[in-house]
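Q: Pasting a structure here, questions to come.
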Amino acid sequence: MDEFDFVIIGAGPAGESAAFEARHRGASVAIVDRRWVGGSCPHIGCIPSKSLLDSAHRHLENAATWSWREASDRRDWMINRKADAAEPDDAHHVEPLEQAGAVVYRGDARVADRGVVEVRHDGVNHELMTHNVVVAVGSFSKVPAVPGLDSVNVWTNREATLARELPRSLLVLGGGPTGCELAQTYVRFGVPTTIVQSGDRLMPTDHPRNSQVVTEALREDGVDVRLKVRAVAARGRAGRDGADLIELSDGSTAEGHAILLAVGRDFPIDDLGLECYGVDTSGRTNFPRDGRLRLADGLWVIGDPAGPELHTHQAHYQGEVAVRMALGDPVVPDYRALPRASYTDPEAAFVGVSLEQARGDSIDAVEFVADFASSARGYGIQAKRGHVTIVVDRGSGTLIGAAMACPDASAAIHECVLAIKARTPIEDLADTIHAFPSTSRILNGLFADARRALSSPRAQPTSARRKAFD
């Protein structure tokens with residue numbers, strides 16, 4: 001039986017982050033994973049999907065010079081998968097952990113008792129003693145309860161990001177960021193693509209204006225977007241040319257030779273032995289996904305199962321914060337400035353709250369909106385659509401929300417992330433020089449509008465739209 005300061009169950013982005021932070025602090029670490037060290041993100045998630053999105057854009061500009069073959073080869077290089085291999089190689093994640101002094105175990109792990117983790121691999125059990133158990137097991141694609149689904153060619157993000165051959169057609173069930181990004185990827189490579197979303201808009205957790213822009217872009221690319229309908233039955237090879245057929249709740253049907261499940265994520269926490277710490281995972285009643293990280297003395301949860309949302313950057317942050325908390329640092333997680341980014345074309349990003357959310361929290365808020373396409377930056381790149389939106393708390397005179405849909409949204413949003421985190425006064429943001437012409441310059445104009453509105457109480461609108469040449 002070996003003893004460690006931390007035993008981390010799961011070696012994805014959250015687990016890696018916790019392991020490196022603990023080693024930097026001089027704590028001993030064992031980290032366990034049953035599959036890829038590095039987790040889904042670098043192998044079947046963030047990294048391959050963004051590579052394929054970039055390839056889809058290149059293909060759209062010049063199909064002759066960037067085919068699916070080039071896209072597949074580039075993706076394989078990004079995930080460290082050899083031409084004759086089915087699976088990516090995670091050695092580039094194992095080696096840095098071992099070099100940092102962490103002990104990496106392959107196998108299935110569960111809590112056997114308080115402070116004891118059992119690892120089983122190839123029929124051999126290892127018992128690890130620890131002061132801190134860190135649960136970082138990630139998530140997996142939900143499978144909806146649709147009769148007949150087992151008769152069709154089901155894809156998850158794994159198949160969609162590792163495919164070496166294009167499907168003849170694609171049906172995406174679920175309109176979140178994963179579904180939207182992969183739908184745009186495949187339709188731009190000429191695959192007939194349909195996306196089915198049960199709600200009234202795509203990307204339902206994003207800002208409504210972002211949802212509108214992404215929907216317009218997907219439809220322009222040729223994606224058949226079906227809203228306010230859900231799958232109720234599936235029939236294998238019952239469609240045209242042997243496609244699988246999905247019956248929808250409005251009586252219509254949708255078809256695809258591959259059916260991509262993107263309806264949400266679930267968390268493999270039921271068989272981890274957390275009852276040893278008094279945590280009942282049945283029904284998730286004692287496992288709130290509120291981002292608190294500490295479940296019990298010596299028991300921590302980070303990454304996707306921890307909540308409040310599902311992001312790799314959130315997982316990195318939580319891994320570090322959980323270790324700092326466990327080692328006695330006076331810190332607590334702060335999600336006020338948690339950025340969300342989707343890498344469609346155009347990109348969409350959102351931080352903080354929308355005007356509607358602020359009002360729901362009884363905040364006296366005002367919103368300012370700029371059209372991206374008619375800004376100097378938008379004209380310069382011939383943008384067809386987009387927006388930049390900020391939400392300001394009139395009481396404190398600070399930024400509390402921002403959203404944008406434009407080509408560089410995932411980068412430009414971070415000025416707003418920092419402003420919300422630091423509670424920077426609107427006066428200071430408006431007084432900061434921004435380069436012209438840039439997306440950030442549009443923010444500069446909105447900050448100036450907000451400063452004027454806050455300084456003239458009688459002139460404060462509840463919503464303002466800026467169309468100036470910023």
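The values are calculated or read from the model by the stated rules, or taken from the named source; none is laboratory data. Please read all numbers here as calculations on a predicted model, not as lab measurements. No Cβ is skipped: glycine too gets one built from the backbone with ideal geometry, and neighbour counts run over all protein chains shown. Just so you know, the surface numbers come from the protein's heavy atoms only, side chains and all, with ligands and any DNA or RNA stripped out. Shrake-Rupley method; radii C 1.70, N 1.55, O 1.52, S 1.80 Å.
Q: For Ala233 paired with Arg120, estimate the spin-label separation in nm (one decimal), with each label point 7 Å from Cα along the Cα-to-Cβ line.
A: Here the modelled spin labels are 4.1 nm apart.
Q: Continuing with this model, one more query. With N denoting the number of residues in the chain, provide Rg(C-alpha) divided by 2.2 N^0.38 Å, to two decimal places.
A: Numbers: Rg = 23.7 Å, N = 470, 2.2 N^0.38 = 22.8 Å.
My calculation over the Cα atoms of the chain gives 1.04.
Q: Let me ask you something else. Starting from the Cα of Glu159, move 7 Å in the Cα-to-Cβ direction to define the label point; list residues of the stretch 248-264 whose amide nitrogen is under 15 Å from there.
A: 255-263
Q: Can you give the three extents of the C-alpha atoms in the stretch 126-248 along their principal axes, from longest to shortest, in whole Å?
A: Computed over the stretch 126-248, the largest-to-smallest principal extents equal 57, 37, 30 Å.
Q: Next question. Kindly list the residues of the stretch 428-451 that lie in the label zone of Glu309, defined by a backbone N under 11 Å from the point 7 Å along the Cα-to-C-beta vector.
A: none
Q: What full-extension length gain, to one decimal in nm, is calculated for Ser282 and His24 as 0.36 nm per residue of separation minus the Cα-Cα distance?
A: On the way: separation 258, 0.36 × 258 = 92.88 nm, distance 3.58 nm.
Going from the current span to full extension adds 89.3 nm.
Q: Just how large is the dipole of the stretch 242-294 about the Cα centre, in debye to the nearest 20, putting +1 at every Lys and Arg Cβ and -1 at every Asp and Glu Cβ? Intermediate results must be reported in sequence, preceding the final value.
A: Numbers: 5 positive and 10 negative charges, 91 e Å.
Value, rounded to 20: 440 debye.
Q: A follow-up question, please. Compute for the stretch 1-155: radius of gyration divided by Kirkwood radius, i.e. Rg/Rh, restricted to C-alpha atoms, rounded to two decimals.
A: Numbers: Rg = 19.1 Å, Rh = 17.7 Å.
Rounded to two decimals, Rg/Rh equals 1.08.
Q: If a cysteine in the chain has no other Cys Cβ under 4.7 Å from its own Cβ, put it on the list, ordered by number.
A: When partners are defined as cysteine Cβ atoms under 4.7 Å apart, the chain leaves Cys180, Cys276, Cys406, Cys416 without one.
Q: So with the 1.4 Å probe, I'd like the accessible area per residue for the stretch 228-374, rounded to whole Å². Each step should come with its number before you reach the end.
A: On the way: 6180 Å² over 147 residues.
It amounts to 42 Å² per residue over the stretch 228-374.
Q: Give me the distance in nm between label points sitting 7 Å out from Cα along the Cα-to-Cβ direction at Arg106 and Ser249, one decimal.
A: Between Arg106 and Ser249, the simple spin-label model gives 4.4 nm.
Q: Would you mind telling me the antiparallel percentage of the DSSP bridges in the chain, rounded to 5? Let's see the in-between values first.
A: On the way: 47 of 83 bridges.
Here the share of antiparallel DSSP bridges comes out near 55 percent.
Q: Mind giving me the FRET efficiency for Asp297 and Asp89? R0 is 45 Å, r the Cβ-Cβ distance, nearest 0.05 is fine. Intermediate results must be reported in sequence, preceding the final value.
A: Numbers: r = 38 Å, r/R0 = 0.85.
That pair, Asp297 with Asp89, gives E of 0.70.
Q: Top to bottom by accessible area (1.4 Å), largest first, where do Asp449, Asp2 land?
A: Numbers: Asp449 30, Asp2 80 Å².
The ordering from most to least exposed comes out as Asp2, Asp449.
Q: Next question. What trypsin sites (Lys or Arg not before Pro) does the stretch 149-220 have in DSSP loop regions with at most 15 other beta carbons within 10 Å? Present the calculation step by step, with values, prior to reporting the outcome.
A: Values: sites: Arg158, Arg164, Arg168, Arg188, Arg201, Arg209, Arg219; in loops: Arg164, Arg168, Arg201.
Sites meeting the loop and neighbour criteria: Arg164, Arg168.
Q: Continuing with this model, one more query. Exceeding 27 Å between C-alpha atoms, which entries from my cross-link table qualify? They are Lys50/Lys82; Lys142/Lys228; Lys50/Lys142; Lys142/Lys384.
A: Among Lys50/Lys82; Lys142/Lys228; Lys50/Lys142; Lys142/Lys384, the Cα-Cα distance tops 27 Å for Lys142/Lys384.
Q: Let me ask another. Please work out how much length the chain gains when fully extended from His131 to Glu275, using 0.36 nm per residue of separation minus the C-alpha to C-alpha distance, in nm with one decimal.
A: Working: separation 144, 0.36 × 144 = 51.84 nm, distance 1.68 nm.
Taking 0.36 nm per residue and subtracting the Cα distance, the gain is 50.2 nm.
Q: Further, regarding this structure: What is the Rg over Rh value, at two decimals, for the stretch 293-333, using alpha-carbon atoms and the Kirkwood definition of Rh? Could the numbers behind the result be given before it?
A: Values: Rg = 9.7 Å, Rh = 10.2 Å.
Result: Rg/Rh = 0.94.
Q: Residue by residue through the stretch 113-129, which ³J(HN,Hα) values in whole Hz follow from phi under the Karplus form 6.51 cos²θ - 1.76 cosθ + 1.60 (θ = phi - 60°), with glycine and proline marked x?
A: Couplings: 6, 4, x, 10, 10, 9, 10, 10, 8, 6, x, 10, 9, 10, 10, 10, 8 Hz.
Q: How much length, in nm to one decimal, is gained on full extension between Glu61 and Phe140, taken as 0.36 nm per residue of separation minus their Cα-Cα distance? Spell out each step's value before the answer.
A: On the way: separation 79, 0.36 × 79 = 28.44 nm, distance 3.40 nm.
Answer, rounded to one decimal: 25.0 nm.
Q: Right, another one. Please compute, over every Cα-Cα pair in the stretch 281-432, the percentage with a separation greater than 19 angstrom.
A: On the way: 7029 of 11476 pairs.
That tail contains 61 percent of the Cα-Cα pairs.
Q: Can I ask one more? Take the solvent-accessible surface of the protein heavy atoms, probe 1.4 Å, and return the percent of it on the chain that carbon and sulfur atoms account for. Let's see the in-between values first.
A: Values: 9960 of 20640 Å².
Answer for the chain is 48 percent, counting heavy atoms of protein chains only.
Q: Right, another one. Quote the FRET efficiency, to the nearest 0.05, computed for Ala435 versus Arg394 with a Förster distance R0 of 35 Å and r equal to the Cβ-Cβ distance. Numbers along the way, then the final one.
A: Details: r = 29 Å, r/R0 = 0.82.
E between Ala435 and Arg394, to the nearest 0.05, is 0.75.
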